[in-house]
Each structure stands twice: as C-alpha cells, then as structure tokens.
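In what follows, a structure is listed as structure tokens, so that the remarks can point back to it.
The values are calculated or read from the model by the stated rules, or taken from the named source; none is laboratory data. As the structure is a prediction and not an experimental result, all values here were calculated from the model. Please note: Cβ atoms are built from the backbone with ideal geometry, for glycine as well, and neighbour counts cover all protein chains shown.
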Amino acid sequence: MRVIAGSARGTRLAPVPKGVRPTSDRVRESLFNALGQFFEGGGVLDLYAGTGALGIEALSRGSGLAVFVERDRRARTVILENLRRTGFAEKAEVIGGEVEAVLGRLVGRGERFHLIFADPPYRIAAEVGGILHRLRSLLAPGGRVVIESGEAPVEGAGGKKGVTRRYGGTFVSILGRSELTMIVAVCPGSFDPVTTGHLDVIRRASKIFDHVVVAVGSNRRKQARLSAVERARLIEKVTSDMDNVSVEVMEGLLVDFAREQGAQAIVKGLRAVSDFESEFEQAQLNRTMFPELETVFIMASAEHSFLSSSAVREIASLGGEVRGLVPEGVLETVRQIYSGQDGKIQGS
C-alpha cells in the first residue's frame, strides 16, 4: 500500500496487521477523485481507522489535521508508524477505544470535521447506522461523510442514503449534512426494572423518531439492586429487534446527555394526568437549560396505566407473580434479583 497523491505521494505504508481489511489503492484513488482530490485545510476524522490510509491520504492532499479512532492496539501501532513515514505525526491524534464512546467525547470537545470516514469491519458494519446522528453533530458545514461497506446500503429510517458507488465488492456512500439529518430522541429513566410499559413507550417512540437512545440513569433516591450498566444490558436484550434503538448509561444532567447524543427531543411516558404536573415542570426546566430540546409525552397504553417499576419491585419482593408486568426476555432475571433472594445476575 502507498499514498496515492499529494505531498506524501508514493510513500509506502507499513504492512497491514492481521485481521485488518484496508481500503485498496484503487478504491482510495477513485474515492478521492469523487471527493475532489485535494483539500485546503479542514479536519478529517478516520473511524475504524485500521492502517490509517484514508486519513493519511487526506492529510497528503491538504487536510490540516486528522483524528484516527481505532480500538485494536496493533493497528494503532501501524497508524503511528505510517504517520512517521509520511511526516504527518504532528498533524494527527490517534485515539484508542470503541467508536461510539470516542464520538461522545469528541462531541463534548466541540470538534468539527470537514471529512469523516467510517470503514468498519464488515462483521460490525451495521453499527454505523447507530452513530449517524453523532456524525452529523461532528460534521462541519459543507463537509462529507464517507461510509464503506461490503454490501449495498438500504435506506434508513430517515430515507436518506446519499450517493453510493460500487468498486468491485466494495460499496462507498458519500453523504452531505442534509443526508445525515435525523430526528433523535432520548428516552430517559432508571428502569429499575424495565417494565412492559417502558418497552411499549420505547417501541412506539421508535416508530416516530429516526433514532431513539434509551438513557439509563442511576436512581439517586434509593440503592438499586442492579447497576446502571446491568439495567442497560437488560434493556438491550428486550429491544434487540428494534434497529433504530440504542441503550446508553447516562451520567450527569439529562440536557448534557441529550446534547452529546445530538438529540432534538426527550420522550417521556405518562400513565395518568397526575404524572403530568411534575413532568411538565421538568420539561420546562430542561428547555430553560437547552432551548432547542423539546419534550414529547406518550400516553401509556390502557393495559399499562397502573404499572410502575416500584410496583414490580414490591410485588417481586413479596413473592408475587410479575409475568406480564416485565418483558418475557428478562422475566427470570427480575424474579431472581428483585425477590430478595439474590443481588446479582447469574453469569455477570
């Protein structure tokens, strides 16, 4: 592999580490021809960076700086070597970790990029759909997002997919800011435990919004039987059939979390009119801190209007039957944890 054009043209890159699938020289050349070949300053973000070839090509063609995100340690070592070979080490930052977590930190830093590459391993290609809303928050006006995959993309919930080109068995989609426009909602709660009422609200919200982020917070008023991470794991289990729903643990203020997620709305379920007063006050407070954030209330279905996590906890603690009150996929876990007999999920 080599740098195709620009100031580092012809520089040979380090050998590709085992398990990394780099973008071929031919595809890179065609891609940058489609993008306009050369750039004047601006930042580039290379996600699932592998060898860093895409970000380095952009630097060679005039990008001012680059951030490379790669979780594999061996691949990060190769990126650093390639930056040394091309002389771009001073213009680059290499970050280790999971892409979604790193994106949250970059949003928090207020970063903006003119070019974003997302070239995940084909086995996790579907993960990209869950981060598009974050990419929009990071994309500078007039910027482009480039997504590489091994199959033709299907239209997402927003109906936008940009321009896609095929190079042999590789599909490359180029999206502008308008193609990344997604209406993202945050559905917050302690979910201690998640109930069938919660799941109903989440499912209905997923049919309204392009993407729903379930935000699992800690219950500060009392000691939860499960940690926020364990509660999030249970929700992931019962929402696995909803492609546009993701689950995150929330720390700090809800408005800060919503801003990091690129959300435009908060979704809250209302069981009865008595719920509205306190929820209305909270919605007004949130809007004071984040004026662009709306709150959408979804009325609970009649069969769930009596249901709450506290009621489930009490019933379970007294040995009562909670079937039908919690999703079937977590029924046995709820029986075990909230019966008072145990405090840990088996296998965790």
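Scan segment 1-28 for residues that are modelled with pLDDT of 85 or more and surrounded by fewer than 16 Cβ atoms within 10 Å (Cβ to Cβ) and report the count.
So the answer is 9.
Only residues that are within 21 Å of D200 (Cα to Cα) and polar (S, T, N, Q): list them for segment 270-320, please.
S274, T295, S301, S305, S308, S309, S310
Please go through segment 314-331 and pick out each residue that is in a helix (DSSP H, G or I), modelled with pLDDT of 90 or more and surrounded by 12 or more Cβ atoms within 10 Å (Cβ to Cβ).
If the condition is that a residue be in a helix (DSSP H, G or I), modelled with pLDDT of 90 or more and surrounded by 12 or more Cβ atoms within 10 Å (Cβ to Cβ), then E314, I315, A316, G329, V330, L331 are the ones that fit.
If you take the residues in segment 29-64 that are among the polar types (S, T, N, Q) and buried (at least 22 other Cβ atoms within 10 Å of the Cβ), which one is nearest to I95 (Cα to Cα)?
Top of the filtered list is T51.
Among the residues of segment 59-110, which ones are in a helix (DSSP H, G or I), of a type in the set (D, E) and within 26 Å of P141 (Cα to Cα)?
Within segment 59-110, E90, E100 meet the criteria.
If a residue has to be in a loop (DSSP other than H, G, I, E, B) and buried (at least 19 other Cβ atoms within 10 Å of the Cβ) to count, how many in segment 225-243 make the cut?
3
Out of everything in segment 244-287 that is without any contact (Cβ under 8 Å) to a residue 40 or more places away in the chain and outside any helix (DSSP H, G or I), what residue ends up being farthest from V212 (Cα to Cα)?
A272
Quick check: anything in segment 234-242 among the aliphatic types (A, V, I, L, M) and modelled with pLDDT under 90?
no
Kindly provide the set of residues from segment 256-295 that are buried (at least 18 other Cβ atoms within 10 Å of the Cβ), in contact with a Ser or Thr (Cβ under 9 Å, 6 or more places away or on another chain) and either hydrophobic (A, V, I, L, M, F, W, C) or not assigned by TED's automatic domain parsing to the domain that holds A205 (or both), ordered by number.
A265, I266, V267, A283
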